[in-house]
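Down below is the structure, laid out as structure tokens.
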Amino acid sequence: MRLDKLLANMGYGSRKEVKLLLKQKAVTVDGVTVKDSAMHVNPEKQNVSVFGERVEYVEFIYLMMNKPPGVISATEDRYDQTVIDLLDPAHQHFEPFPVGRLDKDTEGLLLITNDGNLAHNLLSPKKHVPKWYYAKIDGVVTEADIEAFAQGVTLEDGYHTKPGELKILVSGEQSEIELMIQEGKFHQVKRMFVAVGKKVTYLKRLSMGTLHLDEELALGEYRELTEQELELLASKS
């Protein structure tokens with residue numbers, strides 16, 4: 001990798017700003033001061049330092065966010081705040097994106113990364129990655145709904161969903177449930193309940209595959225995945 005590309009990718013400025021660092025003799029490779037921005041280096045085998053501090057090369061980032069309501073799952077938007085806007089500039093620099101989408105008013109687990117292969121595997125219908133949600137429902141959720149969801153329900157556009165696993169936590173005029181689905185159709189959870197004559201009033205994603213929401217994360221907060229979380233996620237996707 002070119003030295004200027006490495007340093008620019010790791011947040012040391014634009015290519016032009018990196019050239020200034022080189023002119024200032026601030027950059028060393030294996031202890032030797034270098035001035036050639038086009039020099040090729042292997043960041044995994046060579047010690048690249050700026051002002052004496054080693055550059056830790058990172059290609060991919062993996063972030064778990066507790067998405068707040070009112071924020072959209074997109075990289076940019078002309079009108080609304082996005083989940084990327086909530087990230088520190090040091091993480092924004094890697095140009096990450098949300099893996100899948102949560103509706104604007106939906107809360108909970110959102111994986112943000114710049115690893116396209118992992119994202120593709122998690123979102124591929126062929127992988128059958130389970131996603132668990134907690135929801136509050138306007139209406140009495142019954143055993144009949146459990147059976148209907150287990151068979152899949154037909155949405156208003158005629159699409160018949162794959163089977164879902166519905167658990168009733170509280171059944172009443174205001175019910176509380178957990179639901180597992182393996183798809184990610186637009187507004188799917190809400191539309192599934194509309195199909196059985198009920199309305200979702202609150203929705204929160206709890207998990208995606210092996211990744212479970214860290215309940216210590218306040219709304220809008222995020223953290224990097226642990227090595228164990230990433231290994232499990234990658235092995236199952």
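The values are calculated or read from the model by the stated rules, or taken from the named source; none is laboratory data. Remember, it's a predicted structure, so these values are computed and weren't measured experimentally. Note: ideal-geometry Cβ built from the backbone for every residue, glycine included; neighbour counts use all protein chains shown. Areas reflect the complete protein model, heavy atoms only, side chains present, ligands, DNA and RNA absent. Shrake-Rupley method; radii C 1.70, N 1.55, O 1.52, S 1.80 Å.
Among strands (runs of 3 or more DSSP E) entirely within segment 145-232, having at least 1 residues that are open to solvent by less than 30 Å² (accessible area, probe 1.4 Å) singles out 165-170, 174-181, 199-208.
A single member of Gln46, Gln24 is open to solvent by less than 50 Å² (accessible area, probe 1.4 Å) and not β-branched (Val, Ile, Thr), and it is Gln46. Filtered by the rule that a residue be of a type in the set (D, E, K, R), part of a loop (DSSP other than H, G, I, E, B) and more than 15 Å from Asp4 (Cα to Cα), segment 41-58 gives Glu44, Lys45. Checked against the criterion of being in a loop (DSSP other than H, G, I, E, B), open to solvent by less than 10 Å² (accessible area, probe 1.4 Å) and at negative phi, segment 133-140 contains not a single residue that satisfies it. Remark: pairs (first residue in segment 1-28, touching a residue at least 12 places away in the same chain (Cβ under 8 Å) and closer than 16 Å to Val58 by Cβ; second residue assigned to a strand (DSSP E or B) and not β-branched (Val, Ile, Thr); Cβ separation under 9 Å; 6+ apart in sequence or on different chains) = Met1/His40.
Of all residues in segment 115-128, those that are over 11 Å from the mean Cα position of the chain (by Cα) and among the small types (Gly, Ala, Ser) total 2.
Pairs meeting the criteria (first residue in segment 161-182 and farther than 12 Å from Ile137 by Cα, second residue open to solvent by 60 Å² or more (accessible area, probe 1.4 Å) and assigned to a strand (DSSP E or B), beta carbons under 8 Å, at least 6 apart or on different chains) are Thr161/Thr154; Met180/Glu165.
Just a yes or no: is a residue in segment 68-79 under 23 Å from Glu229 (Cα atoms) and surrounded by 14 or more Cβ atoms within 10 Å (Cβ to Cβ)? Checked segment 68-79: at least one residue is under 23 Å from Glu229 (Cα atoms) and surrounded by 14 or more Cβ atoms within 10 Å (Cβ to Cβ). The number of residues in segment 104-129 that are under 27 Å from Glu176 (Cα atoms), at pLDDT 95 or above and not charged (D, E, K, R) comes to 5. Look at (1) in contact with a strand residue (DSSP E or B) (Cβ under 9 Å, 6 or more places away or on another chain); (2) within 30 Å of Ser175 (Cα to Cα); (3) assigned to a loop (DSSP other than H, G, I, E, B) and you find that Phe94 fails only one, number (2).
Can you report the number of residues in segment 82-114 which are more than 28 Å from Tyr12 (Cβ to Cβ) and over 13 Å from the mean Cα position of the chain (by Cα)? Residues meeting the conditions: 4.
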